[in-house]
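Down below is the structure, laid out as structure tokens.
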Amino acid sequence: MPEDPARRQDGAQQKPSALLRELLRVPGGEHVDLSAYKTDATPAGPEDKAAALAATARMAERLADLQDRLYASSTAGDRRRVLLVLQGVNTSGKSGAVKHVVGLVNPSGCRIKAFNAPTPEEKNHPFLWRITNALPQRGEIGIFDRSHYEDVTIARVRELVPRKQLGPRYAEINRFEEGLVKDGVTMVKVFLHISYEQQRRRLLARLDDPSKHWKFDPQDIEERAVWPDYQRAYGIALERCSTEAAPWYLVPSDRKWYRNWAVGKLLLEHLEALDPQYPEAEFDVDECRKRLVEMP
């Protein structure tokens, strides 16, 4: 029997040694009520912002080493790669998480894609077409700011497709993701969970700062009017698409410092589980060294 979601998000109830991906994993196939998950919790996290910043910085060396090994192993035929999917309502911190995660690794080994409204060309293809075109290559870390889950969340709330077409998309997504996993993709799907009031504060902060006006869209106010609908839509997506092959992780994101630490930690844990290795040399190392030393 899965743990109660409210207790899962209570950091005081968790063992420090537990893997974060176990604590934040959303049980698949069960009703997901997002209101049962605390948005300001810090499960298994550092005690405060200062500690979180230090802990996040310490992850950088280990992440960089694992990323380097992942790329190196691909030169010897290893097909494995990682795809970090970030979803959440407006202001939940998707782009902020991208910035902080990329800051911990080598950007040249990352493939980053932000999915906005589909272009006319993309609308002429099945909804997974543009996702397929943006997937990471072997040895890379892919990062999606929004993803194919827009096609079962905003599409549901705004009725962009007939409901009879919407229902089958969840199973199609699951088959698609299972195929990716079989092909060597490790999926890290993260839902950034914030509160209604926290979103208000972040939107007001954008209005109060002229340097952030470009980030504000008046449509965000309209979207707040259907907040309960978005919560239900995301709950359905997490319920139907948190699978054994590609589970969802719910990160409480009212505290930005915890959000950034948690996303980095989830990525680190998955890379450690992959444990990529440098390929062995296919040449005589000693002979090559000897030739170089003896060369005038």
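The set of residues from the stretch 41-93 being acidic (D, E) and either assigned to a loop (DSSP other than H, G, I, E, B) or loosely packed, with under 14 Cβ neighbours inside 10 Å (or both) comprises E47, D48, E61, D65, D78.
Every residue in the stretch 94-138 that is under 24 Å from K215 (Cβ atoms), assigned to a loop (DSSP other than H, G, I, E, B) and not hydrophobic (A, V, I, L, M, F, W, C), please. G103, N116, P118, T119 - these are the residues of the stretch 94-138 that are under 24 Å from K215 (Cβ atoms), assigned to a loop (DSSP other than H, G, I, E, B) and not hydrophobic (A, V, I, L, M, F, W, C). Filtering the stretch 146-156 to residues that are open to solvent by 30 Å² or more (accessible area, probe 1.4 Å) and either part of a loop (DSSP other than H, G, I, E, B) or not β-branched (V, I, T) (or both) leaves R146, R156. Checking each residue in the stretch 240-260 for being hydrophobic (A, V, I, L, M, F, W, C) and touching a helix residue (DSSP H, G or I) at 6+ places or on another chain (Cβ under 6 Å) picks out C241, A245, A246, W248, V251, W257. Check the stretch 132-147 and report whether any residue there is over 16 Å from the mean Cα position of the chain (by Cα) and under 25 Å from D229 (Cβ atoms). No, because not a single residue in the stretch 132-147 is over 16 Å from the mean Cα position of the chain (by Cα) and under 25 Å from D229 (Cβ atoms).
Is it the case that some residue within the stretch 3-18 is at pLDDT 95 or above, of a type in the set (A, V, I, L, M), on the phi < 0 side of the Ramachandran plot and under 21 Å from the mean Cα position of the chain (by Cα)? Checked the stretch 3-18: no residue is at pLDDT 95 or above, of a type in the set (A, V, I, L, M), on the phi < 0 side of the Ramachandran plot and under 21 Å from the mean Cα position of the chain (by Cα).
Residues are listed down the side, and each one gets a yes or a no for (1) aromatic (F, W, Y); (2) touching a strand residue (DSSP E or B) at 6+ places or on another chain (Cβ under 8 Å); (3) touching a residue at least 60 places away in the same chain (Cβ under 8 Å):
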residue	(1), (2), (3)
V105	no, yes, no
C110	no, yes, no
K113	no, yes, no
T119	no, no, no
N124	no, no, no
S147	no, yes, yes
V152	no, no, yes
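Just one of the listed residues (L268, L192) is assigned to a strand (DSSP E or B) and closer than 27 Å to M59 by Cα, and it is L192. Just one residue in the set W257, W261, W248 is more than 16 Å from S35 (Cβ to Cβ) and open to solvent by less than 10 Å² (accessible area, probe 1.4 Å); that residue is W248. For the subset of the stretch 208-223 comprising residues that are in contact (Cβ under 8 Å) with a residue 12 or more places away in the chain and in contact with a Leu (Cβ under 9 Å, 6 or more places away or on another chain), which member is most open to solvent (accessible area, probe 1.4 Å)? Result: I221.
The values are calculated or read from the model by the stated rules, or taken from the named source; none is laboratory data. In this text the structure is predicted, and so the values were computed from the model without any measurement. Don't worry about glycine lacking a Cβ; one is built from the backbone with ideal geometry, like all the others, and counts go over all protein chains shown. These accessible areas exclude ligands, DNA and RNA; they are computed on the full protein's heavy atoms, side chains included. Shrake-Rupley method; radii C 1.70, N 1.55, O 1.52, S 1.80 Å.
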